[in-house]
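Here's the structure we're looking at; comments come further down.
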Amino acid sequence: MEWLEVSTENCPVQRALDVVGEKWTLLILRDAVNGVRRFDGFHRHIGLSEAVLSDRLRKLTAAGVLKAVAYREPGRRSRNEYHLTRKGWDLWPVLVALSQWGERYAVDPESPGPVLDVTHTECGAPVHVTVQCSAEHTPLTPEGVTVRLGSGARRLS
């Protein structure tokens, strides 16, 4: 069976995009990774409508990417903060990779440098997202990788 004979209905990329594939969703996740927790913070920083923000937060919570944690300020009604779950934090490398790609290929020509300087806390060296061999821990390029259909591949009907 070849790639074009495979059904995309159970494609992991497609399933992931069903959860995080909208622009606003990725921006919410970007802000959550950077410490934003409250509705007002997301709304103010991202600038999307309250209705869209509510919808995306609800979807991310339902998908288990965010967890709603109730809080109450004195004299106010109860509200939710949104915390990344383990599932949400597992998207962190994807966000770093998107950021690095954007800094390289979609950079503002007027910008004096990177928007975020991501470094290793212990030594201060820059952090880069790479694909690596799990045995040798060496970075790989597409030429050094073999991709075969897995047991979950289904024939296109």
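Derivation of every value follows stated rules applied to the coordinates shown; laboratory data play no part. Fair warning: this is a prediction, and the values are worked out from it, not measured in the lab. Cβ sites come from the backbone with ideal geometry, for glycine too, and all protein chains shown count toward neighbours.
Numbers at a glance
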read-out	value
Cα-Cα separations in the range 3-144 greater than 21 Å, expressed as whole percent	57 percent
Whole-Hz ³J(HN,Hα) from phi, Karplus 6.51 cos²θ - 1.76 cosθ + 1.60, for the range 86-92, glycine and proline x	4, 4, x, 5, 5, 7, 3
Protection-proxy order for peptides 27-35, 137-145, each taking the mean of Cβ atoms within 10 Å per residue, highest first	27-35, 137-145
Given charges at beta-carbon only (K, R positive; D, E negative), |dipole| of the chain in Debye	940 debye
The range 69-157 - Debye-derived log10 I(q)/I(0), Cα point model, q = 0.17 Å⁻¹	-1.03
